[in-house]
1. Among the candidates 319, 310, single out the residue that is touching a residue at least 12 places away in the same chain (Cβ under 8 Å), in contact with a helix residue (DSSP H, G or I) (Cβ under 8 Å, 6 or more places away or on another chain), surrounded by 20 or more Cβ atoms within 10 Å (Cβ to Cβ) and in a loop (DSSP other than H, G, I, E, B).
2. Can you confirm whether residue 159 is touching a helix residue (DSSP H, G or I) at 6+ places or on another chain (Cβ under 8 Å), crowded, with 24+ Cβ neighbours inside 10 Å and either part of a loop (DSSP other than H, G, I, E, B) or free of Cβ contacts under 8 Å to residues at least 24 places away in the same chain (or both)?
3. Would the stretch 419-432 turn up any residue that is within 30 Å of residue 285 (Cβ to Cβ), without any contact (Cβ under 8 Å) to a residue 40 or more places away in the chain and in the same structural domain as residue 87 (by TED's automatic domain parsing)?
4. Would you be able to tell me the number of residues in the stretch 366-404 that are in contact with a helix residue (DSSP H, G or I) (Cβ under 7 Å, 6 or more places away or on another chain), in a loop (DSSP other than H, G, I, E, B) and crowded, with 19+ Cβ neighbours inside 10 Å?
5. Can you give me the ranges of the helices (runs of 4 or more DSSP H) entirely in the stretch 1-106 with at least 2 residues that are within 30 Å of residue 395 (Cα to Cα), at pLDDT 95 or above and within 12 Å of the chain's Cα centre (by Cα)?
6. All but one of (1) in the same structural domain as residue 384 (by TED's automatic domain parsing); (2) modelled with pLDDT of 95 or more; (3) farther than 28 Å from residue 193 by Cβ hold for residue 256; state the number of the condition that does not hold.
7. For the stretch 428-443, check the following and say yes or no: at least one residue is over 26 Å from residue 117 (Cα atoms) and surrounded by fewer than 19 Cβ atoms within 10 Å (Cβ to Cβ).
8. Does residue 361 meet the test of being touching a helix residue (DSSP H, G or I) at 6+ places or on another chain (Cβ under 6 Å) and in contact (Cβ under 8 Å) with a residue 12 or more places away in the chain?
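The values are calculated or read from the model by the stated rules, or taken from the named source; none is laboratory data. Keep in mind that this is a model prediction, so the values were computed, not measured. Reconstructed Cβ throughout: ideal geometry from the backbone, glycine too, with neighbour counts over all protein chains shown.
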């Protein structure tokens with residue numbers, strides 16, 4: 001490919017408009033935005049949420065801090081909303097990215113859109129553009145990036161944040177390419193910090209850095225627009241030479257729209273997505289187990305890539321519990337549900353669940369049983385009466401168009417998250433209506449006002 005990747009993406013970002021986006025993609029985008037606002041609201045009620053509130057206490061500006069009474073400048077709002085929206089690990093994911101696109105793209109787009117008095121249609125367009133750019137980078141880097149230990153939500157998401165911000169700001173193709181090149185020098189995030197509050201902080205920083213890159217590029221800062229392909233550039237440094245291909249990104253622009261194919265995953269459970277197929281399997285088996293106390297042993301098999309960061313036999317915090325397949329499988333078998341409160345500082349210490357957790361053995365799935373998209377999980381439960389029940393789940397609920405949550409399930413999740421944050425019922429309903437008709441919203445202040453008023457009443 002003769003033209004640098006960032007130049008091609010910059011031209012596409014400048015050119016694409018909402019009318020060119022398939023209706024199906026727009027509908028998926030609105031559901032994703034709704035879902036993120038809900039989980040970001042719930043993030044207020046977490047320990048990290050308290051820290052972020054203290055961090056933003058002195059900030060001021062035109063931008064909403066989700067489910068908080070105050071406002072902030074553009075960069076602070078992008079950072080706080082991004083970190084807060086990922087604090088519960090309940091936000092959506094995209095397999096092609098290997099991470100959580102909305103948590104980094106939407107906070108950047110929303111902050112810039114509010115600061116510039118943009119419309120709901122402008123925000124929706126920016127979100128779609130940012131989502132697609134982040135996922136195209138995922139295609140270019142493939143899972144080598146993830147397997148090396150990088151956190152793609154942050155390291156690749158920063159490009160989606162920059163693309164979204166550039167779209168709202170109306171940057172031309174050249175300036176957008178420069179912003180993407182600047183973003184390449186800010187990309188950071190490591191999987192070693194999974195299970196800690198730094199994981200969502202990496203996401204918030206990526207959203208902030210995408211905004212910063214656009215601001216600097218618009219002011220005249222320059223960068224090497226070939227920073228992806230350069231022999232000492234992003235692709236080689238983050239993946240290793242020969243382990244990336246820019247053509248996989250450019251060839252897939254609008255072919256397909258990643259919002260539609262392969263789509264995104266809206267989480268039904270507030271824990272690491274790599275555990276969800278195992279949770280689904282455990283919930284399915286629970287119907288065959290009359291008394292959880294009669295369980296002798298539990299065997300779980302996951303793809304090695306997913307087991308690597310979820311194989312935690314001991315957890316000491318609620319955040320670690322989200323990344324323990326042993327804990328969430330034991331919890332699902334014991335209670336028949338996975339709820340927001342199950343990861344609080346006290347809930348994960350439930351003696352009955354802790355006892356059951358010691359009976360869980362997690363192993364990597366053999367390669368011949370990985371499944372087509374590596375989300376498969378197998379769970380087998382041995383009982384005191386000699387029975388052994390087992391099942392296999394190919395992919396988790398909520399994953400892509402075929403397994404998407406129903407409208408009713410999405411509404412329940414949104415309401416639960418907003419209630420967890422203390423938002424009032426009438427405000428929840430109004431936010432729900434506005435976000436699902438976003439392209440008709442003339443001023444984002446209509447949405448922001450609902451969230452701010454609701455947050456005062458917490």
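1. Working: 319 fails: in a loop (DSSP other than H, G, I, E, B).
Residue meeting the stated conditions: 310.
2. no
3. Yes.
4. Result for the stretch 366-404: 5.
5. 23-43, 74-86
6. Failing condition for residue 256: (1).
7. No, the stretch 428-443 contains no residue that is over 26 Å from residue 117 (Cα atoms) and surrounded by fewer than 19 Cβ atoms within 10 Å (Cβ to Cβ).
8. So residue 361 fails the test.
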